[in-house]
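What follows is a single structure, written as structure tokens, with notes after it.
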Amino acid sequence: MTRYFSTRGGASNQSFTDVLLNGLAPDGGLFIPEKWPEFSADDISHLSGVPYADIAYKVIEGFVGNDIEKTTLKRILTEVYQKEFSHACVAPLVQIGPNAWVLELFHGPTLAFKDYALQLLGRLFDHVLEERGERVTIVGATSGDTGSAAIEACRHCKNIDIFILHPEGRTSEVQRRQMTTIEAPNVHNIALRGTFDDCQNLVKAMFNDQKFRGDMNLSAVNSINWARIMAQIVYYFTAAIALGAPKRSVSFAVPTGNFGNIYAAYAARQMGLPIKRLIIGSNRNDILTRFFETGAMKTENVEPSLSPSMDIQISSNFERYLCDLLDRDTKSIDKLMKSFKEKGSFTLGPEFLRKMRGEFDARRCDDKQTQAIMTACYKETGYILDPHTAVGLFAGMQVREDPSIPLVSLACAHPAKFPDAVEKAIGIRPELPSHLADLYERAEHYAVLDNDLSKVQDYVRQNVNR
Ligand SMILES: *Cc1c(COP(=O)(O)O)cnc(C)c1O
């Protein structure tokens, strides 16, 4: 049965539910499984033609073990992947060129790939809380994108209240409306008179206030939760199998920010899925690409780009891969991460660089190149890329050598989420899909609060359902 340990060595022998509810390890590290469930070529052949929810079960059961009853896990997966996604294939492949494909991951409620993991995470949380007779209060800050995916994930949960802070007037209107038009008694939006950093600082302060944290049973659904990685492994299996795995291997190009999505691809490969190249696309915030070029991981200031969901300073999930790269030597990871926190950098020697480059390729794509590939793709194929997808595709095309190997670019957001960038590239404003067509007519619900810890805490206390 799969057990989990912290990348920094401070926790081991943890069960799936421990890891699910705690998110971050107590030593600041990230949880990873002691060993990968393995799929033989025969196992993979048997998944050919199998529906998404059933492949999800096969991929996920090895990570969950006995923590959740098998029939319950099956029911949850069926509920999530048969009901909450608007395309019958859940994650369809669309061909955009000779042996080149786009894997559409925007058929969930908020039109971004994060739904594929968060929809499951919310229900798993709710189930485990129900069994334990507990309730939690999730608090989080968003600059626009992740807030709506988290709210959509929790809106049906009986044992969760969710409070999301966004900076008043500083998100796009679509982003704000995707959060504030949700009608659910356990969903609470706070528009803060301040910046995104103010929102984040208040969330941190709430977690640091031990009494408040205990009274409210605070929790988070952050990007480093293991269960999110686990759920993301599934669509690499469905895509590769549809294109001929295990007989044929495929390459994936992934627009990368926090390294969560590409790490899930790496996990799929460790589990036995035949993946040829794993290609990282970064925008101008290219800490990862520079790392692959030089061996030095070094933070720089974040610059806004056309692909804002990848505007990051550090790729937090990279620590998971680092752990394998250093042969799971948790002491060395702990040291490296401490140095990274203090100095904003660490460097790896040439032998590690060689190994990394054997497992991944990384390329950067600036805003001009992003627009150029969106324009070219539309002209040649009529297919509309969102700017994040464009970054991945650009990287994939740069790396591609052997056209007989299928290249799959992950489409991480619907183009209508970034209408300005799309319009600039192709002269057309993409329309929202039908289930969101009336977004601009729906009533909004949110409280406007001052950037003041005690006011926000009072608001949480007064509005939490318990
Ligand atoms: C979150 C996000 C990314 C980055 O994914 P990571 O798992 O953080 O690397 C890329 N594109 C879109 C549209 C996203 O929402």
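The values are calculated or read from the model by the stated rules, or taken from the named source; none is laboratory data. The structure displayed is predicted, hence computed values, not measured ones. Virtual Cβ from ideal backbone geometry, glycine too; neighbours counted across all protein chains shown. Just the protein is used for accessible areas: all its heavy atoms, side chains included, with ligands, DNA and RNA removed. Shrake-Rupley method; radii C 1.70, N 1.55, O 1.52, S 1.80 Å.
Here are a few things to note about the model shown:
- Looking across the range 376-389 at every residue that is part of a helix (DSSP H, G or I) and away from the ligand (no atom under 16 Å from the Cβ), the one that is surrounded by the most Cβ atoms within 10 Å (Cβ to Cβ) is identified as C377.
- Residues that are open to solvent by 30 Å² or more (accessible area, probe 1.4 Å) and either modelled with pLDDT under 95 or assigned to a loop (DSSP other than H, G, I, E, B) (or both) within the range 352-375 comprise just one, D366.
- Qualifying residue in the range 108-123 (condition: open to solvent by 20 Å² or more (accessible area, probe 1.4 Å) and farther than 17 Å from C412 by Cβ): yes
- Scanning the range 390-424 for residues that are within 16 Å of the ligand (Cβ to nearest atom), more than 21 Å from F292 (Cβ to Cβ) and assigned to a helix (DSSP H, G or I) turns up P415, A416, K417, P419, D420, A421, V422.
- Test: residue in the range 160-171 that is within 16 Å of the ligand (Cβ to nearest atom), open to solvent by 10 Å² or more (accessible area, probe 1.4 Å) and assigned to a loop (DSSP other than H, G, I, E, B): yes
- Selection from the range 287-304 of residues that are touching a helix residue (DSSP H, G or I) at 6+ places or on another chain (Cβ under 6 Å) and assigned to a loop (DSSP other than H, G, I, E, B): G295
- Checked against the criterion of being modelled with pLDDT of 95 or more, farther than 30 Å from S251 by Cβ and more than 16 Å from the chain's Cα centre (by Cα), the range 98-110 contains not a single residue that satisfies it.
- Reported count of residues in the range 11-26, each being open to solvent by less than 50 Å² (accessible area, probe 1.4 Å) and touching a residue at least 24 places away in the same chain (Cβ under 8 Å), is 7.
- Boolean, P415 is surrounded by 19 or more Cβ atoms within 10 Å (Cβ to Cβ) and free of Cβ contacts under 8 Å to residues at least 40 places away in the same chain: yes
- Qualifying residues in the range 99-144 (those that are of a type in the set (K, R) and either free of Cβ contacts under 8 Å to residues at least 12 places away in the same chain or within 16 Å of the ligand (Cβ to nearest atom) (or both)) - the one nearest to R155 (Cα to Cα): K114
- Scanning the range 229-252 for residues that are open to solvent by less than 20 Å² (accessible area, probe 1.4 Å), aliphatic (A, V, I, L, M), away from the ligand (no atom under 12 Å from the Cβ) and under 29 Å from E401 (Cβ atoms) gives I233, V234, A239, A240, I241, L243, A245, V250.
Residues are listed down the side, and each one gets a yes or a no for (1) closer than 26 Å to I314 by Cα; (2) out of contact with any helix residue (DSSP H, G or I) (no Cβ under 9 Å at 6 or more places or on another chain):
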| residue | (1), (2) |
| --- | --- |
| P185 | no, yes |
| N189 | no, no |
| L192 | yes, no |
| C199 | yes, yes |
| K204 | yes, yes |
| K211 | no, yes |
| D215 | no, no |
| L218 | yes, no |
| Q232 | yes, no |
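Residues checked against (1) closer than 14 Å to Q457 by Cβ; (2) out of contact with any Lys or Arg (no Cβ under 6 Å at 6 or more places or on another chain); (3) at pLDDT 95 or above; (4) open to solvent by less than 10 Å² (accessible area, probe 1.4 Å):
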position: L192; (1), (2), (3), (4): yes, yes, yes, yes
position: D198; (1), (2), (3), (4): no, yes, no, no
position: V203; (1), (2), (3), (4): yes, yes, no, no
position: A227; (1), (2), (3), (4): no, yes, yes, yes
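- Yes/no for F85 being hydrophobic (A, V, I, L, M, F, W, C), in contact (Cβ under 8 Å) with a residue 12 or more places away in the chain and either within 13 Å of the ligand (Cβ to nearest atom) or assigned to a helix (DSSP H, G or I) (or both): no
- Each residue in the range 191-207 was checked for being more than 22 Å from the chain's Cα centre (by Cα) and more than 17 Å from V221 (Cα to Cα), and 6 pass.
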